[in-house]
Amino acid sequence: MPVRRAPQAVVIGDAVAPPRLERLAAQLGARLAQLGFTVVTGGGGGVMAAACRGARRAGGHTVGILPSSQAEDANPWCEVVVPTGLGHARNAITALAGDVVIAVGGGAGTLSELAFAWMHGRPILLLAGSGGWADQLAGRAIDARRSAVIETCADLDACEAALRRLVLRPARRPTHR
C-alpha cells in the first residue's frame, strides 16, 4: 500500500520583516496548517519564524532547513530542524522541499529560492502587496523555460483557492469498465 504524506508548502521571505509582514506570514502559516500542509522554511527569523509560529499554534508541523551546521540556530517554532552547513546554497534544498513555494516579500535569498523553484517546475504563489520580490515578480515569468507566469494571490483566501487547485486536487476515482 502506498504511503501518503502531508503536502508541504515552503514559505519564503525576509529574515528581518516588519510587523505587518510577520502578521501576514503567521496567518499564512496557520492557514497552511489548517489545510493539512507541513510548513517548510529556511528556519530563520522574520517571515520564516512567523510562518512557523502560525502553523504550530494552529496544530501544524514545521521544518526549518538551516544554512548553518548548528540546530540551535533555528527559530523556536521549528519542529524538525535540518542543519545543512551549506550557507546560501541551502536555498536550493529549501525551494525543492515543497509541493508549492509561497513568497511573502523577500530579498536576494528569496529571489534565489524563487529561481530554483522556477527552474524545477514548482508552483509558485506570491502574496500581493507584501513587497520585495513577491511584488516585483507578480504576474511575470522569470525566463522562457515555462509558459506560465508566477501566480499572484490578492489575499489569503485567494492563496487557499490556489493551493486547493494546484496541490490539494481531489483524488480521481477509478472508473470501472
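The values are calculated or read from the model by the stated rules, or taken from the named source; none is laboratory data. For clarity, every value in this text was computed on a predicted model and none was experimentally measured. Here the Cβ positions follow ideal geometry from the backbone for every residue, glycine too, while neighbour counts run over all protein chains shown. Surface accessibility is based on the protein's heavy atoms, side chains included, excluding ligands, DNA and RNA. Shrake-Rupley method; radii C 1.70, N 1.55, O 1.52, S 1.80 Å.
Diagonalising the gyration tensor over the Cα atoms of region 65-177 and scaling each eigenvalue by 5 before taking the square root yields semi-axes of 26, 20, 15 Å, largest first.
Using a 1.4 angstrom probe, figure out how much accessible area the chain has per residue, in square angstrom, rounded to the nearest whole.
51 Å²
For the peptides 126-138, 51-63, 156-168, the ranking by mean Cβ contacts within 10 Å, running from highest to lowest, is 51-63, 126-138, 156-168. Mean separation of Cα pairs under 8 Å and 6 or more residues apart, divided by the residue count, gives the chain a relative contact order of 18 percent. Near Val149, no amide H atom lies under 5 Å from its own; only residues 5 or more places off or on other chains count, and H is placed 1.01 Å from N. The modelled label-to-label distance for the pair Gln70/Ala158, using points 7 Å beyond Cα in the direction of Cβ, is 4.1 nm.
Solvent-accessible area assigned to carbon and sulfur over the chain amounts to 55 percent, based on a 1.4 Å probe.
Peptide packing: for 37-50, 100-113, 72-85, the average count of neighbouring Cβ atoms within 10 Å per residue gives the ranking 37-50, 100-113, 72-85, highest mean first.
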